[in-house]
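Worksheet: one structure, shown below.
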Amino acid sequence: MPNPLTQALVLIGFISITGQIVLLRELLVVFHGNEVSTAVVLTAWLVWTSAGSFVSGRTADTLVRKRAVFAMVQAAVALLLPLSILAARLSRVFWAIPVGETIGFHGMMVVSFTVSAPFCFLSGFLFALGCSLHAEGSPVRERSTAQVYLLEVVGSGLGGLLFALLFMHLFNHLQTAFFGSLVLAHSAARLFLEEAHGRKARVGGLVAGLALVALCLPLLLQGDRWEQASRQWTWLGHDLVGTVDTPYGNLSAATTRKEISFFENGLWMFTYPDAQSAEEAVHYALLAHPEPKEILLVGGGLSGALIQVLKHPSVAGIDYVELDPGLVSFAREHLPDSAVGVLKNPRVRLIHADGRRYVQTAAALYDVVIIDLPDPTTIQLNRFYTREFFAETRRMLRHDGLLAVGLSSSADIVGPTLAQTLASLYRTLEAVYPHVNVVPGSTARFFASADPGVPAPDPVRLSGRIAQRGLQTTYVREHTLFSHLSPGRVAYLGAVLDAVQDPRVNTDLHPSSYYYDLIHWSATYARGFHQVFLFLDRLTAPQAAWALVGLSALFWAAGMRRLEHSRRKSALIYGCLVMGFSELALTFLLILVFQVFCGSLYHQLALLITLFMAGLAAGTAWILRGFDGIRRPWILLGTIQAAMALCSLGLLGTTYFLQGLDLHVPYLLETVVFAEAFVCGFVGGMHFSLSGKLYTLHVREAGKAGSMIYGVDLAGSAAGSLTVALVLFPLFGISGTLVLLCVWNACAAAVLLGRQGAGEV
């Protein structure tokens, strides 16, 4: 068994990554998660952890009984993790946010920063205190920051791997938290007993540890009861009939009157029965085709769409693609046989796969492809609204085939921000299909075809086909067709789309629809940021690059007025800030590239993050191995910073390489992306450990040095979380963002290399 301090330092990373995963998933349910909410939660997490590290750094080296303090803080963290989960579930009640209502940007910030504050602050506090403790027993104190960081990274990698392979399948979130609390309680008791002097102190520490175990163990064993009871807090006014965590999110089912609604991560998916939505999603598309036989349905099958497709007598087969097997199992438990029994129909083939991945690789041909998915409010969903995806659907359509896709709209008045989103989708479809038509309504239905024989929807022709096929419908009938397709409504929507000046084409690497939806969201829920987004929309990538060059030049000029000692410390801080920003940004972009090219494959995604952590550990270990032999550390640090610039260019080249790659080569896509993740982590680990050594040489105290480097690294990551997700990627796409990261790291490398000299240490 490792010594108590080593075990405790590994557990810093273990509990941090586990807590981050479960608390992020919990708050995504509260916020109806997308990249905006993910960025806000991660920012709050990183800011509070950074603050805890800074505060601890001011006091860690002067504490008298450090091990006892470390043990007490560890015990407090053990209690705070499950309490933080419960606080997240109570947040809608506490802030009086109705079920199903989207939380605005300010609300996300308030909830995220209040819920994560205690747990994250103390987690950061433990890192700096751990550096000070480690330095007391180390012959070379300059190693302490890097060695503690290495142990934390190993714990983080282990925690992420165990969550993906074990916890996610065996435990719910509360049980995972209680398990982490048990492990921390054991570690805290070992540390306290090692530090305690006298029999009474040892007995007291033992009793405290046993009390924590006695509290957490029953909760772990009875986790299902606590899970159901606490989940109900989020659904006041509704009868929560079931909830389950799957690899792809949290699924919940709630009843109101005679209807049952399904939610994923708190976001409404569908309600049953809801014949109107199901009929409109299916019949407009199938009626537009003269004789639909083979149908591909991506999403929406459990909401009643499959039942409606089977009403058409010409349909010979339906391939229904649903990513999450857990959703089907969950629906079987809570929907009547009339809803899920359709899956047993011999004409229906259920395919559990990522819809984008299936479209890329399937060899089948279809008459109609229906995309029945939510709006592109996330980058994951945006993949189904891009030019590349539409080109892939065209490949699998027969010569007279039809693609149908919907987007939330307004039946009467379409505002300017919503018009941008609709116009972007229309132009994207036109970039692939020569014939594109729109049916107005609360959901705008877009129909695209390569065959000129598929004309614009005509109410007379569609009504005739309803009668010809003997369809029994309630909402898609003659009078509703003439209402939705009236010349006035069609002309109004056409005029609205034409009024949008030069809408962007939505692509995998430049998600314009996601950005337009972000502008529309900000106009509704974050009005203070609406004008900011519109202003940033005029910003170009070269302008942003020159701004980063100017920022680095100003930093250099300001530093010239300081003493050499202060200039070097400030250069270290600047380099760590840029590196922390870049690590978060590259991780975000790697995940995005993985989603675009490899699909939403959760276990592989967990492996990607684990390999990034392994790279961090390997880079740190590599520096530690040659620690005493580094003669010109400033040149090496500047070179490492420049290597991160090359990593950005490498990922850019990889992205374009993957675009032209044969998708049928097994595991090649995953291998390339995983290798990039490891290399980026390796560079980041080298930079952190060497920066810790140099900063410790300047400030002498290990706790203070560790807290500064760790805190600045996290502060840079926090800035990267918000900036990349909300600004850089939506504005400039993958390629533009990677070029900017390359420019900024090159500037930071110049700053660091400029601080080396004959008197360097």
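Out of the residues in the stretch 292-338 that are out of contact with any Gly (no Cβ under 7 Å at 6 or more places or on another chain), at pLDDT below 90 and part of a loop (DSSP other than H, G, I, E, B), state the one that is surrounded by the most Cβ atoms within 10 Å (Cβ to Cβ).
304
Here is a check on your reading of the model: is residue 153 among the β-branched types (Val, Ile, Thr), assigned to a helix (DSSP H, G or I), open to solvent by less than 20 Å² (accessible area, probe 1.4 Å) and modelled with pLDDT of 80 or more?
For residue 153, the condition - among the β-branched types (Val, Ile, Thr), assigned to a helix (DSSP H, G or I), open to solvent by less than 20 Å² (accessible area, probe 1.4 Å) and modelled with pLDDT of 80 or more - is met.
State yes or no: is residue 451 of a type outside the set (Val, Ile, Thr) and without any contact (Cβ under 8 Å) to a residue 40 or more places away in the chain?
no
Tell me which of these residue 257 doesn't satisfy, since it passes every other one: (1) within 19 Å of residue 398 (Cα to Cα); (2) at pLDDT below 85; (3) charged (D, E, K, R).
So residue 257 meets the others, but not (1).
Find all pairs meeting these conditions: Cβ atoms under 7 angstrom apart; at least six residues apart or on different chains; first residue within the stretch 54-82 and over 13 Å from residue 12 (Cα atoms); second residue charged (D, E, K, R) and in a helix (DSSP H, G or I).
57/704; 61/704; 65/195; 67/194; 67/195; 68/195
For the condition closer than 16 Å to residue 152 by Cβ and within 19 Å of the chain's Cα centre (by Cα), what is the one hit in 43, 18?
Of the residues listed, the single one that is closer than 16 Å to residue 152 by Cβ and within 19 Å of the chain's Cα centre (by Cα) is 18.
Is there a residue being in a strand (DSSP E or B), farther than 20 Å from residue 491 by Cβ and open to solvent by 60 Å² or more (accessible area, probe 1.4 Å) anywhere in the stretch 422-434?
No, the stretch 422-434 contains no residue that is in a strand (DSSP E or B), farther than 20 Å from residue 491 by Cβ and open to solvent by 60 Å² or more (accessible area, probe 1.4 Å).
Looking at (1) within 25 Å of residue 424 (Cβ to Cβ); (2) open to solvent by 40 Å² or more (accessible area, probe 1.4 Å); (3) not basic (Lys, Arg), which one does residue 361 not meet, given that it meets all the others?
Unmet for residue 361, out of (1) within 25 Å of residue 424 (Cβ to Cβ); (2) open to solvent by 40 Å² or more (accessible area, probe 1.4 Å); (3) not basic (Lys, Arg): (1).
Exactly one condition in (1) of a type outside the set (D, E, K, R); (2) modelled with pLDDT of 85 or more; (3) out of contact with any Leu (no Cβ under 8 Å at 6 or more places or on another chain) is false for residue 118; which is it?
Status for residue 118: all satisfied but (3).
Which residue, of 68, 44, is small (Gly, Ala, Ser) and out of contact with any Ser or Thr (no Cβ under 6 Å at 6 or more places or on another chain)?
On the way: 44 fails: out of contact with any Ser or Thr (no Cβ under 6 Å at 6 or more places or on another chain).
Within the list 68, 44, the selection yields 68.
Looking at the stretch 102-109, can you tell me whether even one residue there is over 21 Å from the mean Cα position of the chain (by Cα) and surrounded by 18 or more Cβ atoms within 10 Å (Cβ to Cβ)?
no
Suppose we filter 404, 444, 411, 491 for residues that are among the hydrophobic types (A, V, I, L, M, F, W, C), surrounded by fewer than 18 Cβ atoms within 10 Å (Cβ to Cβ) and within 27 Å of residue 270 (Cβ to Cβ); which single one remains?
411
Do you know which residues across the stretch 172-194 are open to solvent by 60 Å² or more (accessible area, probe 1.4 Å) and of a type in the set (Phe, Trp, Tyr)?
The one that is open to solvent by 60 Å² or more (accessible area, probe 1.4 Å) and of a type in the set (Phe, Trp, Tyr): 179.
What tally of residues in the stretch 454-479 results from selecting those that are polar (S, T, N, Q) and without any contact (Cβ under 8 Å) to a residue 40 or more places away in the chain?
2
Which of the residues spanning the stretch 70-99 are buried (at least 16 other Cβ atoms within 10 Å of the Cβ), in contact with a Phe, Trp or Tyr (Cβ under 7 Å, 6 or more places away or on another chain) and not basic (Lys, Arg)?
Correct list: 71, 73, 77, 80, 81, 82, 84, 99.
The values are calculated or read from the model by the stated rules, or taken from the named source; none is laboratory data. On a predicted model such as this, the values are computed, not experimentally measured, just so you know. As a convention, Cβ positions derive from the backbone with ideal geometry for all residues, glycine included, and neighbour counts pool all protein chains shown. The protein model used for the area step is the full one, side chains on, heavy atoms only, and it has no ligands, DNA or RNA in it. Shrake-Rupley method; radii C 1.70, N 1.55, O 1.52, S 1.80 Å.
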